[in-house]
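What follows is a short report on a single structure.
Nothing in this text is a laboratory measurement; each read-out follows from the coordinates by a stated rule. The structure presented is a predicted model; accordingly, all values stated were derived computationally and were not measured. Note: ideal-geometry Cβ built from the backbone for every residue, glycine included; neighbour counts use all protein chains shown.
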């Protein structure tokens, strides 16, 4: 009995199609993860800068104004919302801090990142393909004597 040889003409096309589906999936997941990391980075940087600016203020009102001014410079467009000030704690102890304690300011900001390719509820805490970040920083109050 003679051997029958297979035709290999369509095999490469089938392998290429199957592989491209997996590569497309990995690409879309990579873009989503990149957006998550970008949103976390934006919020972290904005919160740190806002807290640093608020730490140079003379009172809580001025600290809030300075923090909001800094956050306005961190606006983004696209899949990440601008960071917003959630709370600001300005504790200067009335100019007389207790022993072993220094005056401080704490800033809390939030930012939302929307995933461009993820199906709804891909991860447990995602709602409408978005994830909200919350960041907090505390800095000592520094006043320059002018």
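Brief remarks follow.
- The order of the peptides 51-57, 111-117, 31-37 by mean Cβ neighbours within 10 Å, most packed first, is 51-57, 111-117, 31-37.
- Given their separation in residues at 0.36 nm each and the Cα-Cα distance between them, residue 48 and residue 75 gain 8.3 nm when the chain is fully extended.
- Footprinting exposure proxy for 45, 73 (fewest neighbouring C-beta atoms within 10 Å first): 73, 45
- Ranking of 80, 142, 105 by count of other Cβ atoms within 10 Å, fewest first: 142, 80, 105
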